[in-house]
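Heads up, the thing below is written out as structure tokens.
Every number here is computed from the coordinates shown, using simple stated rules; none is lab data. Please read all numbers here as calculations on a predicted model, not as lab measurements. So basically every Cβ, Gly included, is an ideal-geometry build from the backbone, and we count neighbours across all protein chains shown.
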Amino acid sequence: MKVPPRKKDLIDIRSLSREEVEYLLESAKPFKELFSQSVKKVPTLQGKSVLTLFYEPSTRTRSSFEIAAKRLSADVTNFAVSTSAVVKGESILDTVDTLQAMRVDYVIVRHQASGVPGLIARHTRASVLNAGDGWHAHPTQALLDAFTLREVHPETAGRRVLIVGDLQHSRVARSTSRIFHMLGAEVAALGPGTLVPSHRPEWLRTFSNFEAAFAWRPDVIYLLRVQRERQHDQFFPSVHEYHHQYGVTAERLNRIRGEGIHIMHPGPVNRGVELVDAVMDYERTLINRQVENGIAVRMAVLYWLKPGTEERHG
Ligand code: CP
């Protein structure tokens, strides 16, 4: 497999070419194979240091990056924002200068404001990996989603993916819809008019109700959480109404099962809102597989990036 020239940072899916995406998806496969071995570690990043810098909560992404880095034998430090000098008013760039002085090689950043990982990347020699910024982007989520889609549908071209829920506030929807489109899948959105962006790419088809979306015959339904922490207005009448209109109810799950549709979700899920409990036990639900694949994909990204702190890859 031809290795594309290595980049310093991963900020957005837009910054990756199709060739780079294909390379990352392919190179994640041997990392996933490692998971079934008794020794899951390789020495690739021995002596390198990885710092996770999360200004927003995370369960999956932070721990997945930590496990990925440790399986590559890097040293990992989790920067606890809530107990750091950030709470005394230290700016992001002063925090980064401090970390630079510690000569970390990779910084993994999540921030509530769009653009912060890109800003940090311009001010540090370390590789910066965007772990989610505001509404903007979540590139490793998109890569793990693409990897998971490829596992169940090796030929992604022409596959149909219906993204359901709060697309407006979702960095996952922005990144994941783009990578699916890049890989030749058809992508559609379903959600309340208030939660589907009015400015959207021309390739993103929209539906106003589940019936019309089912008639389109999707291969995958990708559910999103309603991001109440990013909503400052009332975007739909009630949770009950939302569930009734846009949730995977028991009746819809029967239809999904009958049509062999896969279900994806980036997590965390809100049971009783976007899905009923039974979705978690449905045989074509890929949610746990997405989490597992996240480690392999993040190993591939860490392996490929080239920090400005060293010349490892020549
Ligand atoms: N998918 C995702 O970003 O989950 P976390 O918020 O738990 O990291």
Q: Please tell me the relative contact order of the chain in percent, rounded to the nearest whole number, where contacts are Cα pairs under 8 Å and at least six residues apart.
A: 22 percent
Q.
If you scale each eigenvalue of the Cα gyration tensor by 5 and take the root, what three semi-axes come out for region 140-286, rounded to whole angstrom and sorted largest first?
A. 21, 18, 14
Q: Calculate for the chain the 222 nm mean residue ellipticity that helices alone would give, adding -39,500 (n - 2.57) per DSSP H run of length 4 or more and normalising by residue count, nearest 500 deg cm²/dmol.
A: -11000 deg cm²/dmol
Q.
How are the alpha carbon pair distances in the chain distributed across 10 Å bins from zero to the largest one, expressed in percent?
A. 6, 27, 34, 23, 10, 1
Q: Place a +1 charge on the Cβ of each Lys and Arg in region 140-286 and a -1 charge on the Cβ of each Asp and Glu, then give the dipole magnitude about the Cα centre in debye, rounded to the nearest 20.
A: 280 debye
